[in-house]
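Notes for the one structure printed next.
The values are calculated or read from the model by the stated rules, or taken from the named source; none is laboratory data. Since the structure is predicted, the reported quantities are computational estimates derived from the model, not experimental observations. Here Cβ is always computed from backbone atoms with ideal geometry, including for glycine, and neighbour counts include all displayed protein chains.
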Amino acid sequence: GAGVSQSPRYKVAKRGQDVALRCDPISGHVSLFWYQQALGQGPEFLTYFQNEAQLDKSGLPSDRFFAERPEGSVSTLKIQRTQQEDSAVYLCASSLVAQGAWDEQYFGPGTRLTVT
Amino acid sequence: AQKVTQAQTEISVVEKEDVTLDCVYETRDTTYYLFWYKQPPSGELVFLIRRNSFDEQNEISGRYSWNFQKSTSSFNFTITASQVVDSAVYFCALSVPGGSARQLTFGSGTQLTVLP
(Lines give C-alpha, C1' and ligand atoms only; values in the text may rest on other atoms or scores of the structure.)
Protein backbone atom coordinates (compact mmCIF):
# COMPACT_ATOMS: atom_id res chain seq x y z
CA GLY A 1 0.00 0.00 0.00
CA ALA A 2 0.95 3.65 -0.17
CA GLY A 3 3.46 4.90 2.32
CA VAL A 4 3.98 8.37 3.71
CA SER A 5 4.46 10.91 0.95
CA GLN A 6 5.91 14.37 1.15
CA SER A 7 6.00 17.26 -1.27
CA PRO A 8 7.93 18.94 -2.61
CA ARG A 9 10.96 16.69 -2.37
CA TYR A 10 13.28 19.66 -2.82
CA LYS A 11 12.69 23.30 -2.11
CA VAL A 12 15.03 26.23 -2.58
CA ALA A 13 13.96 29.44 -0.90
CA LYS A 14 15.55 32.81 -0.67
CA ARG A 15 16.10 34.10 2.80
CA GLY A 16 12.97 35.78 4.05
CA GLN A 17 10.55 33.78 1.94
CA ASP A 18 7.75 31.69 3.40
CA VAL A 19 7.57 27.98 2.58
CA ALA A 20 4.96 25.27 3.03
CA LEU A 21 5.84 21.60 3.22
CA ARG A 22 3.18 18.96 2.79
CA CYS A 23 2.84 15.51 4.34
CA ASP A 24 0.36 12.80 3.35
CA PRO A 25 0.43 10.13 6.06
CA ILE A 26 -0.64 6.54 5.65
CA SER A 27 -4.41 6.40 5.49
CA GLY A 28 -5.96 5.75 8.88
CA HIS A 29 -2.88 6.62 10.88
CA VAL A 30 -3.82 8.62 13.95
CA SER A 31 -0.42 10.00 14.89
CA LEU A 32 1.68 12.32 12.77
CA PHE A 33 5.15 13.66 13.56
CA TRP A 34 7.44 16.23 12.01
CA TYR A 35 11.20 15.98 12.42
CA GLN A 36 14.06 18.19 11.26
CA GLN A 37 17.28 16.53 10.13
CA ALA A 38 20.34 18.70 9.73
CA LEU A 39 23.17 17.45 7.53
CA GLY A 40 25.06 14.63 9.23
CA GLN A 41 22.73 14.53 12.22
CA GLY A 42 19.86 12.43 13.43
CA PRO A 43 16.29 13.65 13.07
CA GLU A 44 15.07 15.98 15.79
CA PHE A 45 11.47 16.16 16.88
CA LEU A 46 9.48 19.23 15.94
CA THR A 47 5.82 18.53 16.62
CA TYR A 48 3.20 15.83 17.08
CA PHE A 49 -0.46 15.52 16.08
CA GLN A 50 -3.05 13.08 17.28
CA ASN A 51 -5.72 13.33 14.59
CA GLU A 52 -6.24 17.08 14.17
CA ALA A 53 -5.01 18.01 17.63
CA GLN A 54 -1.47 19.29 17.97
CA LEU A 55 -0.51 17.77 21.31
CA ASP A 56 3.16 18.64 21.37
CA LYS A 57 4.97 21.46 19.64
CA SER A 58 7.86 21.66 22.04
CA GLY A 59 10.42 21.01 19.32
CA LEU A 60 9.49 23.90 17.04
CA PRO A 61 12.61 26.09 17.06
CA SER A 62 10.88 29.44 16.81
CA ASP A 63 7.52 31.10 16.27
CA ARG A 64 8.36 31.22 12.57
CA PHE A 65 7.47 27.52 12.45
CA PHE A 66 3.85 26.54 12.31
CA ALA A 67 2.18 23.19 11.64
CA GLU A 68 -1.39 22.16 11.08
CA ARG A 69 -3.46 19.07 10.36
CA PRO A 70 -6.95 20.49 10.08
CA GLU A 71 -8.84 17.35 9.07
CA GLY A 72 -6.70 14.83 10.81
CA SER A 73 -5.01 13.54 7.68
CA VAL A 74 -2.76 15.76 5.53
CA SER A 75 -0.41 18.02 7.44
CA THR A 76 1.44 21.17 6.44
CA LEU A 77 4.57 22.55 8.04
CA LYS A 78 4.97 26.24 7.33
CA ILE A 79 8.11 28.23 7.88
CA GLN A 80 7.84 31.99 7.72
CA ARG A 81 10.68 34.37 6.86
CA THR A 82 13.11 31.51 6.25
CA GLN A 83 16.66 31.80 7.56
CA GLN A 84 19.77 29.96 6.45
CA GLU A 85 19.75 27.89 9.62
CA ASP A 86 16.40 26.46 8.52
CA SER A 87 18.19 24.53 5.76
CA ALA A 88 17.62 20.86 6.54
CA VAL A 89 15.61 17.81 5.56
CA TYR A 90 12.13 17.87 7.03
CA LEU A 91 10.78 14.40 7.70
CA CYS A 92 7.19 13.45 8.32
CA ALA A 93 6.23 10.21 10.04
CA SER A 94 2.93 8.60 10.91
CA SER A 95 1.90 5.78 13.17
CA LEU A 96 -1.28 3.84 13.56
CA VAL A 97 -2.20 4.49 17.13
CA ALA A 98 -2.29 7.31 19.60
CA GLN A 99 -0.30 7.30 22.82
CA GLY A 100 2.02 4.83 21.23
CA ALA A 101 5.59 5.19 22.36
CA TRP A 102 5.93 1.55 21.33
CA ASP A 103 4.39 2.07 17.93
CA GLU A 104 6.50 1.94 14.81
CA GLN A 105 6.70 5.22 12.97
CA TYR A 106 6.62 5.15 9.18
CA PHE A 107 8.70 7.87 7.59
CA GLY A 108 8.30 9.75 4.35
CA PRO A 109 11.22 10.53 2.03
CA GLY A 110 11.56 14.04 3.40
CA THR A 111 11.69 17.51 1.92
CA ARG A 112 15.16 18.97 1.51
CA LEU A 113 14.93 22.70 2.15
CA THR A 114 17.81 24.93 1.11
CA VAL A 115 17.68 28.58 2.08
CA THR A 116 19.99 30.81 0.06
CA ALA B 1 15.38 14.05 29.22
CA GLN B 2 16.41 11.32 26.89
CA LYS B 3 19.69 11.00 25.05
CA VAL B 4 21.10 8.55 22.52
CA THR B 5 24.78 8.39 21.66
CA GLN B 6 26.23 6.69 18.62
CA ALA B 7 29.94 7.26 18.98
CA GLN B 8 30.88 5.75 15.64
CA THR B 9 30.38 8.39 12.99
CA GLU B 10 31.58 6.30 10.05
CA ILE B 11 32.50 2.66 9.61
CA SER B 12 33.91 1.08 6.49
CA VAL B 13 34.14 -2.69 6.03
CA VAL B 14 34.77 -5.08 3.20
CA GLU B 15 31.92 -7.23 2.02
CA LYS B 16 31.34 -10.41 4.09
CA GLU B 17 32.91 -8.90 7.20
CA ASP B 18 30.85 -8.68 10.38
CA VAL B 19 30.24 -5.22 11.78
CA THR B 20 28.77 -3.95 15.06
CA LEU B 21 27.15 -0.56 15.44
CA ASP B 22 27.14 0.80 18.97
CA CYS B 23 24.31 2.62 20.72
CA VAL B 24 24.26 3.96 24.26
CA TYR B 25 21.17 5.57 25.71
CA GLU B 26 20.20 7.65 28.73
CA THR B 27 16.80 7.92 30.34
CA ARG B 28 15.38 8.16 33.83
CA ASP B 29 12.26 6.25 32.85
CA THR B 30 12.02 2.61 33.78
CA THR B 31 9.77 1.90 30.83
CA TYR B 32 11.18 2.84 27.48
CA TYR B 33 11.49 1.57 23.94
CA LEU B 34 14.52 1.29 21.73
CA PHE B 35 14.56 1.28 17.95
CA TRP B 36 16.96 0.93 15.06
CA TYR B 37 16.25 2.61 11.74
CA LYS B 38 18.14 2.44 8.46
CA GLN B 39 18.42 5.45 6.17
CA PRO B 40 19.59 4.53 2.66
CA PRO B 41 20.70 7.23 0.21
CA SER B 42 17.08 7.70 -0.88
CA GLY B 43 16.52 9.33 2.51
CA GLU B 44 13.55 7.38 3.79
CA LEU B 45 14.02 5.97 7.28
CA VAL B 46 13.27 2.25 7.37
CA PHE B 47 12.29 0.57 10.62
CA LEU B 48 14.45 -2.42 11.60
CA ILE B 49 13.61 -3.40 15.15
CA ARG B 50 12.18 -2.26 18.47
CA ARG B 51 12.67 -3.55 22.01
CA ASN B 52 11.01 -2.63 25.27
CA SER B 53 12.96 -2.09 28.44
CA PHE B 54 11.64 -5.22 30.08
CA ASP B 55 12.81 -7.57 27.39
CA GLU B 56 16.56 -8.05 27.34
CA GLN B 57 16.48 -11.06 25.12
CA ASN B 58 18.79 -10.70 22.20
CA GLU B 59 17.19 -10.96 18.81
CA ILE B 60 18.34 -12.35 15.51
CA SER B 61 16.72 -11.71 12.16
CA GLY B 62 18.62 -13.19 9.28
CA ARG B 63 22.01 -11.47 9.12
CA TYR B 64 20.94 -8.89 11.70
CA SER B 65 21.20 -9.30 15.45
CA TRP B 66 20.72 -6.98 18.39
CA ASN B 67 22.28 -7.06 21.84
CA PHE B 68 20.34 -5.18 24.52
CA GLN B 69 22.11 -4.76 27.88
CA LYS B 70 20.42 -2.62 30.51
CA SER B 71 23.46 -2.86 32.79
CA THR B 72 25.48 -0.82 30.31
CA SER B 73 22.53 1.06 28.75
CA SER B 74 23.49 -0.26 25.36
CA PHE B 75 21.56 -1.58 22.38
CA ASN B 76 24.11 -2.67 19.81
CA PHE B 77 23.40 -3.86 16.29
CA THR B 78 25.47 -6.45 14.45
CA ILE B 79 25.37 -7.25 10.76
CA THR B 80 26.88 -10.60 9.91
CA ALA B 81 28.45 -11.20 6.51
CA SER B 82 27.84 -7.62 5.40
CA GLN B 83 26.75 -6.85 1.87
CA VAL B 84 27.10 -3.76 -0.29
CA VAL B 85 23.34 -3.18 0.02
CA ASP B 86 23.82 -2.70 3.75
CA SER B 87 25.55 0.60 3.06
CA ALA B 88 23.43 3.28 4.70
CA VAL B 89 23.19 5.48 7.77
CA TYR B 90 21.89 3.61 10.79
CA PHE B 91 20.10 5.37 13.62
CA CYS B 92 19.38 4.19 17.10
CA ALA B 93 16.38 5.85 18.77
CA LEU B 94 14.55 5.94 22.09
CA SER B 95 11.01 6.76 23.12
CA VAL B 96 9.19 6.81 26.43
CA PRO B 97 5.48 6.54 27.17
CA GLY B 98 3.40 9.03 29.08
CA GLY B 99 2.13 12.51 28.42
CA SER B 100 2.74 13.74 24.94
CA ALA B 101 6.30 12.51 24.83
CA ARG B 102 5.83 10.03 22.02
CA GLN B 103 8.55 11.37 19.84
CA LEU B 104 11.65 9.41 18.99
CA THR B 105 14.96 10.71 20.28
CA PHE B 106 17.59 9.76 17.73
CA GLY B 107 21.32 9.36 17.93
CA SER B 108 23.47 11.13 15.39
CA GLY B 109 23.77 8.02 13.24
CA THR B 110 26.54 5.78 11.96
CA GLN B 111 27.40 5.87 8.26
CA LEU B 112 28.20 2.30 7.23
CA THR B 113 30.00 1.73 3.95
CA VAL B 114 30.41 -1.84 2.74
CA LEU B 115 33.03 -2.12 0.04
CA PRO B 116 32.87 -4.86 -2.60
Go through chain B and tell me which strands (runs of 3 or more DSSP E), entirely inside it, have 1 or more residues that are of a type outside the set (D, E, K, R) and touching a residue at least 24 places away in the same chain (Cβ under 8 Å). B:3-5, B:10-14, B:19-21, B:24-26, B:33-39, B:46-52, B:64-69, B:74-79, B:88-95, B:110-115
Could you list, in sequence order, all residues of the stretch B:22-43 that are within 13 Å of another protein chain (Cβ to nearest Cβ), crowded, with 16+ Cβ neighbours inside 10 Å and touching a Ser or Thr at 6+ places or on another chain (Cβ under 8 Å)? B:Cys23, B:Tyr25, B:Tyr32, B:Tyr33, B:Leu34, B:Phe35
Could you say which residue among B:Ser87, B:Ser95 is hydroxyl-bearing (Ser, Thr, Tyr) and within 14 Å of another protein chain (Cβ to nearest Cβ)? B:Ser95
Need pairs with beta-carbon distance below 6 Å; first residue at pLDDT below 95 and within the stretch A:56-74, second of a type in the set (Gly, Ala, Ser); sequence gap 6+ or separate chains. A:Asp56/B:Ser100
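Yes/no per residue for (1) in contact with an Asp or Glu (Cβ under 9 Å, 6 or more places away or on another chain); (2) on the phi < 0 side of the Ramachandran plot:
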{"position": "A:Ser27", "(1), (2)": "no, yes"}
{"position": "A:Gly40", "(1), (2)": "no, no"}
{"position": "A:Phe49", "(1), (2)": "yes, yes"}
{"position": "A:Gln54", "(1), (2)": "yes, yes"}
{"position": "A:Glu68", "(1), (2)": "yes, yes"}
Matching entry among A:Ser62, A:Ser94, A:Ser73, A:Ser27 (being polar (S, T, N, Q), assigned to a loop (DSSP other than H, G, I, E, B), more than 9 Å from chain B (Cβ to nearest Cβ) and surrounded by 15 or more Cβ atoms within 10 Å (Cβ to Cβ)): A:Ser73
If you take the residues in the stretch A:10-19 that are loosely packed, with under 13 Cβ neighbours inside 10 Å and within 16 Å of the chain's Cα centre (by Cα), which one is nearest to A:Pro61 (Cα to Cα)? A:Asp18
Qualifying residues in the stretch B:41-65 (those that are among the small types (Gly, Ala, Ser) and at pLDDT 90 or above) - the one farthest from B:Val19 (Cα to Cα): B:Ser53
